[in-house]
Structure formats: structure tokens, C-alpha cells
Amino acid sequence: MKWIPVTAIICLIIAVSITSVAGTGTAIGVDTAKKEVQDFLNTQDAAIEYQKTEHLNLGNYYVFGTGEGQIYVNDQTGAVERATFDSARKDFHEIRLDRAAAEAAARAYAEEKYDGFAGKSMRLIGSNLVSHGDAGSEYSYIWREEIKGVLTPNTVVVNLNPSTGEIVSYIGIQREIKCPLEPKFSRDEALKIAAGQFPGIRVTSATTDLSVEYTRPDAQTLTWVITMRGEPEDHVLQGGLVVVDAQTGEVLMVSPYL
């Protein structure tokens, strides 16, 4: 399975299941995890049912059904790291909230649910009204902690209903940084490496992020995440996404425009 960085498709941190090594600590147990779900939902009366345990790039999770969605609980820390609320997926077609009100609601939810959000340097890297075609649309907000110009895996994603303001989904990832934050390959060197993945490209623009990514289970890597655009050839856009190991210069992923 191809690894895709957080910066490219944030939701795949949680949504894509892969084979993973077990956590190094002692799992908290299903009963304790269920109590964490109750606390997260601010209720002791919700119908919460354990469904399964999933093994993902970022760790192992107890998955609970709530009747109106799913909750993922980290089996080591007890933190709720993903929540979906199917009951909020209604009246998607009418946009009643403007962007300012939607962002304020998303930020308030992030500050409530994500431990230490207000005290961290959380950079808003995504703010969009996402269309689902005939199914409607939803506002999506993505924050990542930034340390010394480096984006970390510490991420918050809040999606909400543009009509009712209800929270549709939440992702909150918090990890200790375990890799160096000083790159051995500079931005310019990384750009040259990226351009080499598209022979003959005439670069018109490029964006770069220095970012800590999970390139394999339980392994953090400092990377350059580069989106490169080139002059079209035969009306076909040139370039794409390239991820380069900032310590070794190794190309970890190439995803060309289709």
C-alpha cells in the first residue's frame, strides 16, 4: 500500500488500515476506553458498543459504535483520535454559516476536545468548503502544530455541517516528536531532487513544507513535501507531489498529476 503524507490527504492518517507493529506499552483495555468515549461525548447514557481493534500507521485503536457514528480510541493513551457523527450529515445542501462563523465553531470544538490546543503553535493549513456533489457539502478545517518552521504530526481536523453547524467529524493526533528537526538537505536541494522526478519539466511554481511524517508504522521521518507545477504539455498539467527524506535525500513518494 502506498503511503500518503498528512499534508497531502490528512484523513488517511486514520481512515486507511495497514499492518502495524503492536504498541510498546500496555493497552488500556476496552472498558477504560469506553469510559473515555463517554467523557468525550459528555454523557454517560449514550449507547456505546465496542466493534473491533484496528492497527494503523499511527498506532492501535479500539473502535466503538455510538448509534450515530464511530469513535476511535488510542489503546495506549486513551485519547479519542477520531470521531464521526452520521446524525450530523443532514441538510448539507443549504449553506447558512459563513466562513468566519464556521471557522470559529471549528476552532472552539478543537480547543474543547484537543488537549493543549490553545497553548500550541497550531497552524491552519486547510480551510475549505468541500463539495460532495449531489450529497451536499461540508466545511473542513485542518490545523498542524509548527515547531521551528517544521510541521509536526500533531494535527486537528474538524468538519462541520454548513447548514446546522453540527460537527460531522473530528481527528486529533498528538505525538511526541522523536526525529531531528534540522534537515541535512536544503529546500533548494530538495526542489532539484523533486524536479528530477519529472524529466523535461519546465517548473512554473512549487510549494514546500518541512514536515514530520509517519513513513512506516511507528517511524517518524523529517521530510520535504513538495508540490511542483510545470508548463502544460499537450494541454496536460505537468508535475505533482514529491516527498523527499530531508536527512538522506531519498525520494519517498511521487504522485504525478493525472
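The values are calculated or read from the model by the stated rules, or taken from the named source; none is laboratory data. Quantities reported herein were computed from a predicted structural model and do not represent experimental measurements. Don't worry about glycine lacking a Cβ; one is built from the backbone with ideal geometry, like all the others, and counts go over all protein chains shown. What goes into the accessible areas is simple: the full protein's heavy atoms, side chains included, and nothing from ligands, DNA or RNA. Shrake-Rupley method; radii C 1.70, N 1.55, O 1.52, S 1.80 Å.
Observations
- Once the range 78-102 is narrowed to residues that are within 18 Å of ALA33 (Cβ to Cβ) and touching a residue at least 60 places away in the same chain (Cβ under 8 Å), the residue that is surrounded by the fewest Cβ atoms within 10 Å (Cβ to Cβ) is ALA79.
- Members of the range 66-109 found to be under 20 Å from THR164 (Cα atoms) and among the hydroxyl-bearing types (Ser, Thr, Tyr), listed by number: THR84, SER87, TYR109
- Scanning the range 174-192 for residues that are of a type in the set (A, V, I, L, M) and either open to solvent by 40 Å² or more (accessible area, probe 1.4 Å) or out of contact with any Phe, Trp or Tyr (no Cβ under 9 Å at 6 or more places or on another chain) (or both) yields ILE177, LEU181.
- Members of the range 103-136 that are under 22 Å from ASN154 (Cα atoms), open to solvent by less than 70 Å² (accessible area, probe 1.4 Å) and assigned to a helix (DSSP H, G or I): GLU103, ALA104, ALA105, ALA106, ALA108, TYR109, ALA110, LYS113, PHE117
- Looking across the range 144-163, the residues that are hydrophobic (A, V, I, L, M, F, W, C), open to solvent by less than 10 Å² (accessible area, probe 1.4 Å) and under 14 Å from SER211 (Cβ atoms) come down to VAL150, LEU151.
- Residues located in the range 52-68, provided they are of a type in the set (A, V, I, L, M, F, W, C) and farther than 14 Å from THR32 by Cβ: LEU56, LEU58, VAL63
- Among the residues examined, THR227 qualifies as in contact with a Ser or Thr (Cβ under 9 Å, 6 or more places away or on another chain) and of a type in the set (S, T, N, Q).
- Cβ-Cβ under 6 Å pairs, at least 6 apart or on other chains, the range 247-258 side over 24 Å from VAL236 (Cα atoms), far side at pLDDT below 95 and among the polar types (S, T, N, Q): LEU252/THR215
- Elements of type strands (runs of 3 or more DSSP E) contained in the range 193-257, each with 1 or more residues being modelled with pLDDT of 95 or more and hydroxyl-bearing (Ser, Thr, Tyr): 203-216, 219-233
- Candidates THR208, THR215, filtered to the one that is without any contact (Cβ under 8 Å) to a residue 40 or more places away in the chain, open to solvent by less than 80 Å² (accessible area, probe 1.4 Å) and within 25 Å of LYS120 (Cβ to Cβ): THR208
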